Amino acid sequence: MFSAIEVLHFLVNLSVWIRDTVVGGYTLLAKACELGSSVLQLICIGPVQLLQQSRVLHYWSRTRGELFQSVMPSPSRSSIRRKRDQRLISQGESHDSLQKGLYSFRPFVFKELSPVYSDGINKGKEPKPRSGHRIVCDEGNFYSFGGYLEITVPFNNFENAQGIQHLFEELWKFNVSTQHWEYLPTEGETPKELASHSAVMHGDYMVVFGGTGVPFGTSSSNKMSICDLRTLKWQRVHTTGTPPSPQYGQAIVLDKKCFYVIGGTTGYDYSLDVHKLDLVTFEWETLFVTRGEAREPTPRYRHEVAFDGSQIFILGGGTASRAYDLTAVPTFDVKTREWNSVNTIGDPIGKRRFPPARKCQGAVQRGNDVFICGGYNSRYIFTDLWKLNLSTLQWTRMPVKLPIPVYFHSTALTPAGCMLMFGGVTNVKSNTRTNKVFKIWLTTPSLKEMCWEAVLHYQPDLKFKSRQAVLEDGIPKDLVDRIFPSNVNRELPAPPL
């Protein structure tokens, strides 16, 4: 029987070979475990024959190097589980380790990522609860910038004061593999408008636009800043032309060499203006200005957007007292510069066919699918997760609920298809915010990603080893880099913007 590390190496290579044919990869491994084959023998079996197998194996026993357990009818599966447990106990496996559970990949299930520290040194060194912040992510981390927290103060401490409004001029990094927070001290011209700004990841750079200070609307921004996440230096982007008005709660789209800004508010007035910044000439161009005509969609802020290459889809949003519908979705054609409205198709299953109107929701896009979660309609905070297919315009309510009701939170999607969610307001009356982190897989990722999750599941203390020790264990370098970022000095290219 081959070792777990050999299995990991094999599946990493296999995932590139057969791409997303996950069942085929699992079946190949299942056949190998069943026959007791070596990795070389396994490859010789032939993928075409094994892809026709009807059962999938999906667990890893730490003591025998078997990665996945056969998905069989319940009696057979229970029998196998009992035999496995008896074998593990006879080999000295403790009851506690058995209770840990076998790894099983589960898409569309929310999981809370709770920081765990070995010695308590870093305990408490994590961001405070907040709302109005933004997160962006890469393969292994997400970065949170800005945010707002209102701290209630006892009346007898501050005359005529009910609360202190606090903005967070700070950048944090959360490592998804180690579940550790790290505060990142930055240099340069840091944006000061730190609530309800917009942000997007572009290579190794975090691009931030707009936002407001406190009190909301008294100091809003129409500036673009970028932060090099390798050097942690902020840089203001200098532009020409007529930029959007200083606002907050706007939405943005980054498309190749174009940057679009849609809507927003000054704190008093709302718009659905559309501006484009050419990222080659850095010149602003006005594509549409709200005039209040009947054919125009309603101006708004804290909406989310999706983009299919030519049409910008406006999802929800609202004003201080209203939230807008998601049944008929406004679209803006970036070529014709015209607004339209498309009627979406409701979910055929269940009583609620369309997501209720909302603002301040989270949203991520993967291909032609856009997912929205949470949000607020001035009465209720939502816990639902919906998917809209931009090709069919079909809504699907996903069979899962957010662990907590939340709005003014922030979401981001990893390249592999895992949605990360951080912060937000969880209670309107008590004005409560959270600093909890959740993840949910919105697709079936590559075998490499699933194997990495299995390794972290069975070896949670891997992060407390040295980088060299983990490399010597045989873990591929690109996965080791997710825990221990490489410190190799290299010449950094110029910013792409």
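Each value in this text was obtained by applying a stated rule to the coordinates, not by laboratory testing. Here the structure is a predicted model, which is why all the values come from computation and not from measurement. We place every Cβ from the backbone using ideal geometry, glycine too, and count neighbours over all the protein chains shown.
Among the residues of the stretch 187-215, those identified as within 23 Å of the chain's Cα centre (by Cα), part of a loop (DSSP other than H, G, I, E, B) and surrounded by fewer than 18 Cβ atoms within 10 Å (Cβ to Cβ) are G203, D204. Residue under question is G374, and the condition is that it be within 23 Å of C137 (Cα to Cα) and either touching a residue at least 24 places away in the same chain (Cβ under 8 Å) or of a type in the set (A, V, I, L, M) (or both); does it hold? When the stated conditions are applied, G374 passes them. Count of the stretch 411-445 residues, restricted to those that are crowded, with 21+ Cβ neighbours inside 10 Å and more than 21 Å from Q361 (Cβ to Cβ), is 1. Of all the residues in the stretch 359-410, those that are β-branched (V, I, T), outside any loop (DSSP other than H, G, I, E, B) and surrounded by 18 or more Cβ atoms within 10 Å (Cβ to Cβ) number 5.
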